Amino acid sequence: MRIGILILFLIAGLAGGPAASAADDAGTTQGTRTAPPDATKEPVPPPSVTVIGARDAHGILGREVRSAANEGMGRIVDAIVDREGNVRAAVIDFGGFLGVGSRKIVVEWSALRFGGVSNKRDSITLELTKAQVSAAPEYKEDAPVIVLGAAGRLQPWDFDK
């Protein structure tokens with residue numbers, strides 16, 4: 001398949017050699033004029049720009065997560081979003097030592113606290129105990145996501161939309 005595509009590119013390149021390129025630059029190809037650019041198209045407006053101060057926002061992937069009792073819970077390795085793009089949960093690589101024996105679990109986004117995060121060394125606080133997280137089922141891609149939430153706050157996702 002790749003060889004066939006490569007051959008097509010080579011043939012197209014030979015057919016459109018220097019003479020064809022010069023004709024294209026002049027606006028004609030073998031005696032015919034190319035159409036002028038569509039004058040009815042409006043220029044694309046520039047994107048909006050928002051500046052967030054370095055103290056006001058931080059990346060979370062790889063960030064350490066600790067319980068309110070300062071127990072090590074693991075590191076955030078992914079975020080789960082719904083169909084509208086709203087962040088619903090975080091995937092935490094929990095347990096183990098240096099990645100051996102660890103497993104991924106999913107916790108409700110609102111169970112995380114970011115208040116004390118001012119630099120990369122600061123951890124995120126999780127409103128769950130180590131025992132609660134230990135009992136959580138493991139997250140596996142392409143399987144139903146079971147989200148461990150703070151008591152009484154988790155809302156079910158509506159997948160029928």
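The values are calculated or read from the model by the stated rules, or taken from the named source; none is laboratory data. This structure is a prediction, so every number in the text was calculated from the model and none was measured. Cβ coordinates were reconstructed from backbone atoms using ideal geometry, including for glycine residues, and neighbour counts include every protein chain displayed. What goes into the accessible areas is simple: the full protein's heavy atoms, side chains included, and nothing from ligands, DNA or RNA. Shrake-Rupley method; radii C 1.70, N 1.55, O 1.52, S 1.80 Å.
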Taking amide H atoms as placed 1.01 Å from N in the peptide plane, list the residues 5 or more away in sequence, or in a different chain, whose amide H sits under 5 Å from that of R88. I80, V81, D82
Note, ³J(HN,Hα) from phi for segment 119-133, Karplus 6.51, -1.76, 1.60, rounded to Hz, x at Gly and Pro: 8, 4, 7, 6, 9, 9, 9, 10, 7, 10, 8, 4, 5, 5, 5
Leaving out ligands, DNA and RNA but keeping every protein chain, what accessible area does S134 have, in Å² rounded to the nearest 10, with a 1.4 Å probe? 60
Ranking S110, S67 from most to least accessible area with a 1.4 Å probe gives S110, S67
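Could you report segment 100-139's accessible area per residue, 1.4 Å probe, as an integer in Å²?
Spelled out: the 1.4 Å probe surface of segment 100-139, per residue, equals 54 Å².
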For T40, the accessible surface traced by a 1.4 Å probe with all protein chains present amounts, in square angstrom to the nearest 10, to 110
If you add up the charges near H58, with Lys and Arg at +1 and Asp and Glu at -1, over every other residue whose beta carbon is less than 15 angstrom from its beta carbon, what do you get? +3
Inter-probe distance in nm under a simple model that places probes 7 Å from Cα toward Cβ, at A135 and A54: 4.4
